[in-house]
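What follows is a single structure, written as C-alpha cells, with notes after it.
The values are calculated or read from the model by the stated rules, or taken from the named source; none is laboratory data. Computed from a predicted structure; not experimentally measured. All Cβ positions, glycine included, derive from the backbone under ideal geometry; neighbour counts span all protein chains shown. The accessibility values were calculated without ligands, DNA or RNA, using every heavy atom of the protein model including side chains. Shrake-Rupley method; radii C 1.70, N 1.55, O 1.52, S 1.80 Å.
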Amino acid sequence: DKEEEAEEFYNAQLARIEAVEEKVASMEEGEREKFVSFFFLKDIYYVRNKGDYEVKMVELAGGDYILSDLNPDKDGNSKLNAEELYKGIEDVDIIFYNNRLGRSVQSIEDLIATAEYFADVKAVKEGRVWGYKPHYFQNADCVADIIEDLYTIFTTPQGEITETEYFFLMD
C-alpha cells in the first residue's frame, strides 16, 4: 500500500532529471565533453554499448559518447581488444573507469600500469579519469542523484572538485 509514496518519489526523481536535461539543452554547441566508460579483465576491455542505460544517463547529464557507433540498439557491454579501444578513445575528454568490476584500478598510475598506452590518451594526460565509488551500484533508486553528479563533473571547471557522491577523480 505504498503506491502514492512510490508515485511521489518517481515524480520527484523525474523532475530532477528533467531539470538537468533543460540545463544541458541550453549548452552551446561544442560544450559537451566526449566520454567513455569501460573496465577490463585480463586483456579484454568491456566497453559500454551506445544503447546502455549508463551511457544514456551520462548523455542526459551533458556527455557525448565517443563510441557512439558501438551497438546503439543494445545495452550492456561489448568486448574490444587493446588496439580497438585505444583507437576509439585516444582523444576522449573524460574516462569513467568502472573500478568496481574487473581489475582494481584506483589511480591513473594503476591504469597506466595495466597498459602503458593509456599514458597517451588525452583524458589520462589531463587527469580526467573518474572511478566509481563502492556504493554506486547499490543505488538504483537514486538515478537523479547520479545524473546530477555527472552533470557536475561535466560543468565544473577542472580541478575544482575531486569527488561527488558516486564518483572520485583518480590521481
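Only Lys, Arg, Asp and Glu carry charge here, each on its Cβ (+1 for the first two, -1 for the last two); on that basis region 1-72 has a dipole of about 560 debye about its Cα centre. Close amide H pairs (under 5 Å, H built 1.01 Å from N) link TYR65 with PHE35, residues at least 5 positions away or on another chain. Solvent-accessible area assigned to carbon and sulfur over the chain amounts to 47 percent, based on a 1.4 Å probe. Across ASP120, ASP73, ASP91, mean-square fluctuation computed from a Gaussian network of the chain (C-alpha pairs under 10 Å connected) peaks at ASP73. For the pair PHE9/GLU160, report the inter-label distance in nm, with labels modelled 7 Å from Cα in the Cβ direction. Label at PHE9, label at GLU160, 3.3 nm between them. Taking all protein chains into account, the per residue accessible area for the chain stands at 55 Å² (1.4 Å probe). Taking the charge dipole of the chain about its Cα centre, with +1 at Lys and Arg Cβ atoms and -1 at Asp and Glu Cβ atoms, the residue from ALA19, GLY131, ALA61 reaching farthest to the positive side is GLY131. Considering only GluC sites (Glu not before Pro) in DSSP loops that have at most 15 other Cβ atoms within 10 Å, the longest stretch of the chain without any of them is 32-89.
Pop out the Kirkwood hydrodynamic radius of the chain from its pairwise C-alpha distances, inverse of mean 1/r, in Å to one decimal. About 16.6 Å, per the Kirkwood formula over Cα pairs. Here the dipole of the chain is about 820 debye; that uses its Cα centre as origin and unit charges on the Cβ of Lys and Arg (positive) and Asp and Glu (negative). Note on the chain: with a GNM built from Cα contacts shorter than 10 Å, the maximum mean-square fluctuation among GLY76, GLY30, GLY131 falls on GLY30. Looking at region 1-82, the trypsin sites (Lys or Arg not before Pro) that sit in a DSSP loop and have at most 11 other Cβ atoms within 10 Å of their own Cβ are LYS2, LYS42. By the compact-protein rule of thumb, 2.2 N^0.38 Å, the alpha-carbon radius of gyration of region 80-171 corresponds to a ratio of 1.09.
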